Amino acid sequence: MQVTSMHFKERAHANMANAQLQHNLQKIKGKFVAKRRESLTELDDFEGTREAGRAIRQRALDNLDVWLEIFERNATARGATVLWAETPEEINAHVLDIARRHGVTKIIKSKSMVSEESELDRAIEAAGLKVVETDLGEYILQINDYEPPSHIIGPALHKSKEEVADLFARAHATTRKTEIAELCLEARGVLRQHYLTADMGISGGNFFVAETGSVVLVTNEGNATLTTTLPRVHVAISGIEKIVPTLEDVATLMRLLPRSATGQSISNYVDILTGVKGQGEFHGAEHMYFIVVDAGRSGVLGSELREALRCIRCGACMNHCPVYQNVGGHSYGWVYPGPIGSILTPAYVGIERALDLPQAATLCNQCGVVCPVKIPLPDLLRKLREQQFERGLRPWPERAGLRLWSWLATHPALYAIATRIGARLLRALGGRDGMVHKLPLGGGWTDGREFPAPAGRTFRELYAERKTK
Ligand code: SF4
């Protein structure tokens, strides 16, 4: 997927001015938040489970090489083939190679964010093969000329029912339906035919289980079950960081994932697929492949951002992010939006190609509070900001301002004078209503909002006065 993260600001402005998008975003705002909050009350000790989830993910990352080897051994023993992809291009090359080897002409796919990184669908089509997305959200985006997803778990959340109705009528050449149930039925009818005629199914992988060599798939539509068991070839693609040591670990993580994602105690479908179809077995693929993807992850593992690899892609951080809620997922310009996207995108594609993303946060810490595996997202964003500053990647006035501020902060007397002058200037800028409406050299702050002018003396002045009393 093309990286357009350098245009975050322009896109965010455009998306905030897009009335239809804002209407759609408003409708989902708070929905996931309320459901998650409600579902957590079912757990006796959510914080304890959250800590257990953190520890499981960290244990896997601390010995990733060992767990990956165990996974490969066990998957191979059950008849699967494990392939490694160092780059996004290698994912596509492996898939096309497998397709050629098995004489595949039609491929169905359930949701895989990693395959978005390599634009796998386009590569498959360029090779002359047919590919059909089966996750309803992904399918909607596919028939809209591969529009990029805007949310980790709800790729088409930004679309209204009416927009989907128009797309279906055009793509399926049918009369336009108006009810969601009718639209779902129409999609189901179209997709069923593809399930029954596809030669290969591609899935992502919520987890790769080392002790059994299995892939775990979590969905609400059941499309992953059909995608992986009806065609004769199954290819599961996921990142190296998705490994978990044991099935018991999966059980713990499954107490966190659906609740954090959609506020469900458990998703409608949880598939654990191990090896190829055995003799006499009715369901399952005859040939099973795992593509285990690095594509920048081992670099992140060795960096100060390594904790980001604990992510289980629940989407809670973006559901709770005030920036994401207003600018929508497309503003972030690559596969992963929201707070985790603002870390993973610069980490995977290079910080110089995603300059605005570490700034696309208020650091309010809501994301850090809700993350089920305790990723300290605001701390990681701050680390990226430091890297940008140290490498001179921010505009010079910003760097000069920060240098001045850090110099003042280490000279308390001068700092006190500067804050006194600053407070007086801001007070002078305040209008009759006591609000600052326009900030010289800081127009970006006041273009869309105002803030109260300082009311009286500075904190230091008040503190000094109280101390003497
Ligand atoms: S960073 Fe945490 S909250 Fe965000 S998607 Fe990943 S696991 Fe979920």
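The values are calculated or read from the model by the stated rules, or taken from the named source; none is laboratory data. Source: prediction; values computed, not measured. Quick reminder, even Gly has a Cβ in these numbers, built from the backbone with ideal geometry, and neighbours come from all protein chains shown. Note: areas computed on protein heavy atoms with side chains; ligands, DNA, RNA excluded. Shrake-Rupley method; radii C 1.70, N 1.55, O 1.52, S 1.80 Å.
Counting only protein heavy atoms, what percent of the accessible surface of region 304-373 is carbon or sulfur at a 1.4 Å probe?
Within region 304-373, the accessible surface is 50 percent carbon and sulfur.
What ranking, highest mean first, results for peptides 286-292, 43-49 when packing means the other Cβ atoms within 10 Å averaged over each residue? Intermediate values should be presented prior to the final figure.
Numbers: 286-292: 22.0, 43-49: 12.3.
Packing proxy ranking, top to bottom: 286-292, 43-49.
Give a quick list of trypsin sites (Lys or Arg not before Pro) in region 369-400 that DSSP marks as loop, anything other than H, G, I, E or B, with at most 14 other Cβ atoms within 10 Å.
Values: sites: Lys374, Arg382, Lys383, Arg385, Arg391, Arg399; in loops: Lys374, Arg391.
Hits after loop and neighbour filter: Arg391.
Below 8 Å between Cα atoms, with a sequence gap of 6+, how large is the relative contact order for region 318-409 in percent? All intermediate terms of the calculation are to be shown ahead of the outcome.
Working: 84 pairs, mean separation 20.2, N = 92.
Result for region 318-409 is 22 percent.
Largest first, what is the accessible-area ranking of Leu120, Leu196, Leu40 with a 1.4 Å probe? Provide the component values of the computation, followed by the final result.
Values: Leu120 0, Leu196 125, Leu40 25 Å².
Of Leu120, Leu196, Leu40, the descending order of accessible area is Leu196, Leu40, Leu120.
Quick check: net charge around Ile153, other residues with Cβ under 13 Å of its Cβ, Lys/Arg +1 and Asp/Glu -1?
On the way: positive: Lys31, Lys35, Arg36, Lys111, Arg259, Arg313; negative: Asp135, Glu138, Glu221.
Counting the neighbours of Ile153, the net charge comes to +3.
Provide the convex hull volume over Cα atoms per residue for region 386-469, in Å³.
Details: hull volume 10.4 nm³, N = 84.
Normalising the Cα hull of region 386-469 by residue number yields 123 Å³.
May I ask which of Lys9/Lys31; Lys111/Lys161; Lys438/Lys469; Lys130/Lys374 have a Cα-Cα span longer than 32 Å here?
On the way: Lys9/Lys31 26 Å; Lys111/Lys161 21 Å; Lys438/Lys469 38 Å; Lys130/Lys374 40 Å.
Pairs exceeding 32 Å: Lys438/Lys469; Lys130/Lys374.
Give me the accessible area per residue for region 120-263, probe 1.4 Å, as a whole number in Å².
Numbers: 5010 Å² over 144 residues.
It amounts to 35 Å² per residue over region 120-263.
For region 7-63, with every protein chain kept in place, what is the accessible area per residue (1.4 Å probe, Å²)? Please list the in-between numbers first.
Working: 3470 Å² over 57 residues.
Computed with neighbouring chains in place, this is 61 Å² per residue.
What whole-number distance in Å separates the alpha-carbon centres of region 304-333 and region 255-294?
24
Quick check: net charge around Glu307, other residues with Cβ under 12 Å of its Cβ, Lys/Arg +1 and Asp/Glu -1?
Net charge around Glu307: +2.
Roughly how many Å² is the accessible area per residue of region 313-369, as a whole number, for a 1.4 Å probe? Let's see the in-between values first.
Values: 1330 Å² over 57 residues.
That works out to 23 Å² per residue.
With each run of n ≥ 4 DSSP H residues scored as -39500 (n - 2.57), what mean residue ellipticity at 222 nm is computed for the chain after dividing by its residue count and rounding to the nearest 500 deg cm²/dmol?
Details: 23 runs with 239 residues, N = 469.
Dividing the helical sum by the residues of the chain leaves -15000 deg cm²/dmol.
Calculate what fraction, in whole %, of the accessible area of region 76-207 sits on carbon and sulfur atoms when a 1.4 Å probe is rolled over the protein chains. Mind showing how you got there, number by number?
On the way: 3010 of 5680 Å².
C and S fraction of accessible area: 53 percent.
Using the crude model of +1 on Lys and Arg Cβ and -1 on Asp and Glu Cβ, and no other charge, please compute the dipole size for region 142-264 relative to its Cα centre, in debye to 20.
Details: 11 positive and 14 negative charges, 39 e Å.
The calculation lands at about 180 debye.
Charges on Cβ only, +1 for Lys and Arg, -1 for Asp and Glu, centred on the Cα centroid of the chain; of Val218, Ser110, Ile312, which one is farthest towards the dipole's positive end?
Checked the options; the winner is Ile312.
Could you please report the charge total around Pro412, scoring K, R as +1 and D, E as -1 over all other residues with beta-carbon less than 13 angstrom from its beta-carbon?
Details: positive: Arg420, Arg460; negative: none.
With Lys, Arg at +1 and Asp, Glu at -1, the neighbours total +2.
Among 107-118, 296-307, how do they line up by average Cβ neighbours within 10 Å per residue, starting with the highest?
Values: 107-118: 25.2, 296-307: 16.6.
Highest-to-lowest ranking by the protection proxy: 107-118, 296-307.
Using a 1.4 Å probe on the protein chains only, how many percent of the accessible area of region 227-277 belongs to carbon and sulfur? Kindly include the intermediate steps, with their values, before the conclusion.
On the way: 770 of 1600 Å².
Accessible surface attributable to carbon and sulfur in region 227-277 totals 48 percent.
Given Cα pairs under 8 Å that are at least 6 residues apart, what percent is the relative contact order of region 225-369?
Working: 160 pairs, mean separation 33.2, N = 145.
Result for region 225-369 is 23 percent.
Report the relative contact order of the chain, percent, no decimals, based on alpha-carbon pairs under 8 angstrom and at least 6 residues apart.
Numbers: 787 pairs, mean separation 95.0, N = 469.
Relative CO of the chain lands at 20 percent.
Kirkwood hydrodynamic radius, the chain, all distinct C-alpha pairs: what's the number in Å?
Working: mean 1/r = 0.0411 Å⁻¹.
Result for the chain, one decimal place: 24.3 Å.
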